[in-house]
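Colleague: For reference, the structure I am asking about is given below.
Laboratory data are not the source of any read-out in this text; all were calculated from the coordinates shown. Keep in mind that this is a model prediction, so the values were computed, not measured. Reconstructed Cβ throughout: ideal geometry from the backbone, glycine too, with neighbour counts over all protein chains shown.
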Amino acid sequence: MIVNMKRAATEEEINHVIDRIKECGFQAHVVRGEERTIIGAVGSSGRRSEIEALRAAPGVAEVIQISHPFKLVSRQLRKEHTVVDVGNKKIGDGSLVIIAGPCSVESREQLLETARAVKASGADMLRGGAYKPRTSPYDFQGLGVEALRFLEEASQETGLPIVTEVMSEADVEVVGEYAHMLQVGARNMQNFSLLRKLATVKKPILLKRGPSATVRALLSSGNLEWNRRGQTLRLHSYLKLAS
């Protein structure tokens, strides 16, 4: 459910609503717009009737039932466009953002040469796979941490933010140390244990749409990760982008 506050609502009135939502067993997600504040009451085991009773609380304009399963990423909760900060770049402010680079980081020389070409071409971010999903265990699986160091060096030289894929829960922390945005590949869109782990990393997440997945499933995967943080993020402080 969402609670729309009046334009003239005071901080005291807003905090009262937030406190009541938490007392009722829900998480309170606060979205402060230019004109008014919206508070989302998210959860499934709370006392809904008491949330509905907030219609009579001072400063409350209306209480609305959220109809979508992906509550935190629905337009009912956040009507403004989300702007995601990735390093020194922004996604969602209306500008075109281009991410380019090799599928797999194979050597320092290959990556630096490619990064310089990406920079010269006018692209905004550098991607490169440090860990690669392969069908055969005999195929190249990526250079791992060594590739992350090459990516960091390329970023420092060119000024391009780094985007690289994270394959497993075990790699989340180390990839988060180097990457400006962490990519979740199409195969892992419904790897919920990985998404929950990523919810602890305060970096933007690039969530690719899985094979044959519906838009609803994509939004629900993003909503799961956002919800685990227990705070309002800007689809991050980060975004889930469809491929």
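Colleague: Distance in nm between label sites at K90 and N4, each 7 Å beyond Cα in the beta-carbon direction?
Modeller: Those two pseudo-labels are separated by 2.6 nm.
Colleague: Between E50 and Y138, what is the label-point separation in nm under the 7 Å Cα-to-beta-carbon projection?
Modeller: 6.3 nm
Colleague: Sort R20, R36 by Cβ crowding within 10 Å, fewest neighbours at the top.
Modeller: Sorted ascending by nearby Cβ count, the order is R36, R20.
Colleague: Let me ask something else. With the crude spin-label approximation of a point 7 Å out along Cα→Cβ, what separation in nm comes out for R149 versus V215?
Modeller: A separation of 4.5 nm, rounded to one decimal place.
Colleague: Using Cα-Cα distances under 8 Å and only pairs 6 or more residues apart, what relative contact order does segment 2-73 have, in percent?
Modeller: Relative contact order of segment 2-73: 42 percent.
Colleague: Taking 31 Å as the cut-off for C-alpha to C-alpha distance, list the pairs among K119/K203; K22/K90; K22/K89; K22/K202; K6/K208; K132/K203 that go past it.
Modeller: K22/K90; K22/K89; K6/K208
Colleague: How high is the relative contact order of segment 84-228? Use alpha-carbon pairs under 8 Å, at least six apart in sequence, and give a whole percent.
Modeller: Details: 237 pairs, mean separation 26.8, N = 145.
Relative contact order of segment 84-228: 19 percent.
Colleague: 5 Å is the cut-off here: which amide hydrogens, built 1.01 Å from N in the peptide plane, fall below it relative to V30, excluding neighbours closer than 5 in sequence?
Modeller: Here G40, T232 satisfy the definition.
Colleague: Quick check on segment 84-228: take the gyration tensor over C-alpha atoms, sort the square-rooted eigenvalues as a ≥ b ≥ c, and tell me if it's rounded (a/c under 1.5), prolate or oblate.
Modeller: Verdict is oblate for segment 84-228.
Colleague: Sort F150, F140 so the one with the fewest other Cβ atoms within 10 Å of its own Cβ comes first.
Modeller: Result, fewest neighbours first: F140, F150.
Colleague: Exactly which trypsin sites (Lys or Arg not before Pro) in segment 80-176 are in a DSSP loop and have at most 12 other Cβ atoms within 10 Å?
Modeller: Taking segment 80-176 and a limit of 12 other Cβ atoms within 10 Å, the loop trypsin sites (Lys or Arg not before Pro) found are R134.
Colleague: Another question about this same structure. Can you work out the FRET efficiency for the pair D19 and E173, with r the C-beta to C-beta distance and R0 = 51 Å, to the nearest 0.05?
Modeller: The calculated FRET efficiency here is 0.90.
Colleague: Also: So for D85, D93, fewest C-beta neighbours within 10 Å to most, what's the order?
Modeller: Lowest count first: D93, D85.
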